[in-house]
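The values are calculated or read from the model by the stated rules, or taken from the named source; none is laboratory data. Since the structure is predicted, the reported quantities are computational estimates derived from the model, not experimental observations. As a convention, Cβ positions derive from the backbone with ideal geometry for all residues, glycine included, and neighbour counts pool all protein chains shown. Ligands, DNA and RNA are excluded from the accessible area calculation, which covers all protein heavy atoms including side chains. Shrake-Rupley method; radii C 1.70, N 1.55, O 1.52, S 1.80 Å.
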Amino acid sequence: MAQASRDNTCPASDVCDFASPTVMHHREGGAALPAIIHHQEDLNDKKEALRGSYHKSYNIMKDAESGGDPSQQVTTYRSRFWILIVFSLMNFVLNIEWIMFGPISESMQAAFPGWDEATVTLTINFGMITYIVTFIPVCWAVQRYGLRACLLTTFGLATAGTALRCITSTTPAFTILSYLCGIAIGVASPVMLAGPPMIANEWFPVQERTTATAIMLGSHQLGGVASYLEPLIVRQPDPSVTNAAIQHDVMRLTYIGAGLAAALLLAALVYFPSKPPSSPSITSSQERFTILPALKVLVKNKKFLLLMVTYGIFVGPAVVWITVIDFSLLPLGFHQEKAMWVGLSGVMVSSLLPVVVGRLNDLLRGHTKTLLLTLMVITAAFFYWFLLLSYGILPITDWQVYVSAVGGVSFSFSTMPLFMEIAIDLVYPSPELLVTAVMVAADSVTGMIFLLLFNIPDPLYLWTTYTLTLCSSLTAAPLVAVSFPSTRMTIDTE
């Protein structure tokens, strides 16, 4: 069996060759690694095995620090902040391009013949569908060729897609090019959406790991802030505004988006290595399963499957609802320009709240599940409040619409770094990119179904409110009685 390296991980077999001298996973009476691979239900035995196994790895690290191989040292680099900034900005721009036409749906329908609600949602849905189809091949490519090569390739493809929309404003050519752009963005999404936990693990120490993940995830949501400022560039339909003028505004918007994507692609070309020379923690230096063995671990782990389904149902509808929130706000008297400020507020708060939650989780180690359940209950309360407003049970006032909608979206999004942290611990040492990609695929499936429901005629879109309420209120219960390990934190801190 071939030896494993940090760049090429373990060979594609069910069990890696842990007897290999180049692999830092050591056996403790034959119990440590089987406990990880097969994920036995006895959590206490598993933790003890992990502690025993990795104490040897820790000693190797200490020996390296005292004069051994410098590649084995636990080290952090200031360049990690450049990586964080560039990747976060790329995520920021990708979200702008993905949901570009949602916040200006009234203008799109008025100025472009053949465009309606279904067309707008389909430009968004193409990205989600493509993600689901491509995320496993992309994860394999990252493990095979490295993060840098795949990041530049996939984001370069997305940049080319944004440039396609700049070619013409005539339909149906513009419609087709918009769909192609959505597909290109979908190809880039596995790296951009699933990459944050992997990058945080490769570059950041344990006390910064969840915070860095939250910043990168939050930056994607922050891209929605810019999207909800689009009505400042694209005029709303009005008797005094011609369709040609609106089309000109839309094309100017596509030029701006393509320029931003190209600039960030250049920044990544200048400096964005796949990983630092030395690892920031013990667990980040450990070998990971290759894709197929890791998929088997995920499928066989019942707790992971429960967490994945819960995450998909809880987060998916809320994440995509903010992209088409105009449809739910219009029956409440919020037209495009007024709805812009609700969406803008929601995206702004939901971009910052995950960072606060991530930092809190880093400080309060060992309480991830309690924090997660608390946030889920708060989310359900906010969406129930919006439901009462939508059905006229409560009097509609602007402040209630703002608080209920913004609160529901923001607290839902703030759970994402916690879900990812728990999921990665459950199936460690499966690759972080693959675990996160599978989780994101789950919310993409539910989000895609949610968007497809817009093809059903309903001028009030009341189904969206009770869907959000049910998805957020029924998902917390299955997690209450389930215990989750803190595998990586245990290894890195003891």
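Structure data summary
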{"item": "V241-A263 pseudo-label distance in nm [points 7 Å out on the Cα-to-Cβ vector]", "result": "2.5 nm"}
{"item": "Peptides ranked, highest mean first, by Cβ atoms within 10 Å: ranges 75-87, 147-159", "result": "147-159, 75-87"}
{"item": "Rg/Rg_ref, the range 87-198, where Rg_ref = 2.2 N^0.38 Å and atoms are Cα", "result": "1.10"}
{"item": "Convex hull of the range 176-323 built on C-alpha atoms - directionally averaged projected area, nm²", "result": "12.6 nm²"}
{"item": "For Q247, net neighbour charge (Lys/Arg +1, Asp/Glu -1) across residues whose Cβ lies under 13 Å away", "result": "+2"}
{"item": "Rounded accessible area per residue of the range 344-494, 1.4 Å, Å²", "result": "37 Å²"}
{"item": "Cβ crowding within 10 Å averaged over residues, with 237-244, 288-295 ranked highest first", "result": "288-295, 237-244"}
{"item": "Spherically averaged projected area of the range 187-239 from its Cα convex hull (nm²)", "result": "5.1 nm²"}
{"item": "Extreme residue, positive dipole direction of the range 93-249, given options S169, W98, A184 (C-beta unit charges)", "result": "A184"}
{"item": "All-pairs Cα distance distribution in the range 191-276, expressed in whole percent, bin size 10 Å", "result": "14, 32, 27, 17, 9, 2"}
{"item": "Paramagnetic reach from R365 in the range 196-226 [backbone N under 18 Å; point 7 Å along Cα→Cβ]", "result": "200-214"}
{"item": "Hydrodynamic radius of the range 366-424 per Kirkwood, over alpha carbon pairs, in Å", "result": "12.3 Å"}
{"item": "Charge dipole of the range 152-296 about the Cα centre (unit charges at C-beta), most positive-ward option of P196, L229, S285", "result": "S285"}
{"item": "Distance (nanometres) between label positions extended 7 Å along Cα→Cβ at V377 and A477", "result": "1.5 nm"}
{"item": "Cβ-based net charge around Q109, under 10 Å, with every Lys or Arg adding one and every Asp or Glu removing one", "result": "-3"}
{"item": "Fraction of accessible area attributable to carbon and sulfur, the range 272-356 (%, probe 1.4 Å)", "result": "75 percent"}
